[in-house]
Amino acid sequence: MNPVAEPALATPFFFYLLSGLMLIGGILVITRKNAVHSALALIVTLLAQSAIYLMLYAPFVAGVQIILYAGGIMVLFLFVIMLVNIDRALKERQFNRQWLVGMAAATALGGLFIAVYARGKAIFPERILTTAEGNNTQRVADMLYGPYMFAFEIASLLLLVAIIGAVVMAKKRI
Amino acid sequence: MESLLHITTLHYLVLGAALFLLGVIGVLTRRNVVIVLMSIELILNAVNLNLIAFSRFWGGVHGQIFAIFVITDAAAEAAVGLGILIAFFRNKETVNVDEVNLLKW
């Protein structure tokens, strides 16, 4: 696979708007007291991320993200939040006792990211533009049913196991 | 310092790293189990963003295939994790990770 031209993929306006939406949504997810607010903020993050996938010329994955992630997984989260929602939890402490150590670890991880960025940003060379191809879904399908057929079947087996596991875990009497 | 107006792959990688960091902070510092699970979903999404940015960088669709499998995996893991949460909530009426201590000596 030979590397194609550097993607000048987006106008900076849309990139910064969407990335700002994603980061604000992410911050709201981890800081809200109410779990429903966190779930809605995560939905906003996922939708903004789907738009960024569109900017990266991945329309199929953008559609999958909206349908599966925002429309499936987050609805599942909201159902379970409704099931386990206790008003008592809103009045308790929201951050656990080792939050200082957690923030120190996250700061160390952030330092690691900054160090990797500072050392590695020369790797990405300047490239020329290409035009986007129009058959992204076709290419994804060719790959999924071709070289990645085995992984595809294993993924469906994984989903079967997850369904059985979730039903067994949540049953009242096995 | 690359120009801030010309959006390159590095911009997407930095955004992915920032999302990853937010997810890690959420996992490490929150008490509510559901919010911890949602922070894990944030981490997986950061990884997906990385994969798709590199898929565009290299031109093939391999990164997008990987991202589709990551989304599938996230769905399975969210289902099982929430099942475990419901099973635990039935025993102890709490959703705090601090109080999941039945195996403590």
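What follows is calculated from the coordinates using simple rules that are stated; it is not laboratory data. Not measured: the values here are computed from a predicted model. Counting neighbours? That spans all protein chains shown, and the Cβs are built from the backbone with ideal geometry, glycine included.
Of the residues A:G102, A:M149, A:N136, the one whose Cα sits farthest towards the positive end of the charge dipole of chain A is A:G102 (charges of +1 on Lys and Arg Cβ, -1 on Asp and Glu Cβ, taken about the Cα centre). Of all lysines in the structure, not one has an alpha carbon short of 20 Å from that of A:K121, not counting any fewer than 8 places away in one chain. The mean count of C-beta atoms from other chains within 10 Å of the C-beta of residues in B:92-101, rounded to a whole number, is 3. Remark: spin-label model distance A:K172-A:L112 equals 4.6 nm, labels positioned 7 Å along the Cα→Cβ axis.
Comparing A:V116, A:V140, A:V29 in a Gaussian network model of chain A, where Cα atoms under 10 Å apart are tied by springs, the biggest mean-square fluctuation is seen for A:V116.
With a 10 Å cut-off around each Cβ of B:39-45, the average count of Cβ atoms from other chains is 5.
Specify the residue with the greatest mean-square fluctuation among A:K33, A:K121, A:K91, computed from a Gaussian network of chain A linking alpha-carbon atoms under 10 Å apart. Ranking A:K33, A:K121, A:K91 by mean-square fluctuation puts A:K121 first. Counting every other Cβ atom within 10 Å of each residue's Cβ, A:Y16, A:Y117, A:Y148, A:Y53 order from fewest to most as A:Y117, A:Y16, A:Y148, A:Y53.
Here the alpha carbons of chain A define both size measures, Rg and Dmax, at 20.8, 62 Å.
Applying a length cut-off of 15 Å (Cα extent along the axis) and a mean Kyte-Doolittle floor of 1.6 to the DSSP H helices of chain A leaves A:12-31, A:35-55, A:149-170.
Of the residues A:D87, B:D73, the one with the fewest other Cβ atoms within 10 Å heads the list, and the complete ranking is A:D87, B:D73. The mean number of Cβ atoms from other chains found within 10 Å of a Cβ in peptide B:51-63 is 6, as a whole number.
The length gained on full extension between A:N85 and A:A151, counted as 0.36 nm times the residue separation minus their Cα-Cα distance, comes to 20.0 nm. Here A:K172 is the anchor, and the lysines within straight C-alpha reach of less than 22 Å, apart from those fewer than 8 places off in the same chain, are B:K92.
Placing +1 on the Cβ of every Lys and Arg and -1 on the Cβ of every Asp and Glu, with no other charges, gives chain A a dipole of roughly 920 debye about its Cα centre. Taking amide H atoms as placed 1.01 Å from N in the peptide plane, the amide H of B:R30 lies under 5 Å from those of A:N96, each 5 or more residues away in sequence or on another chain.
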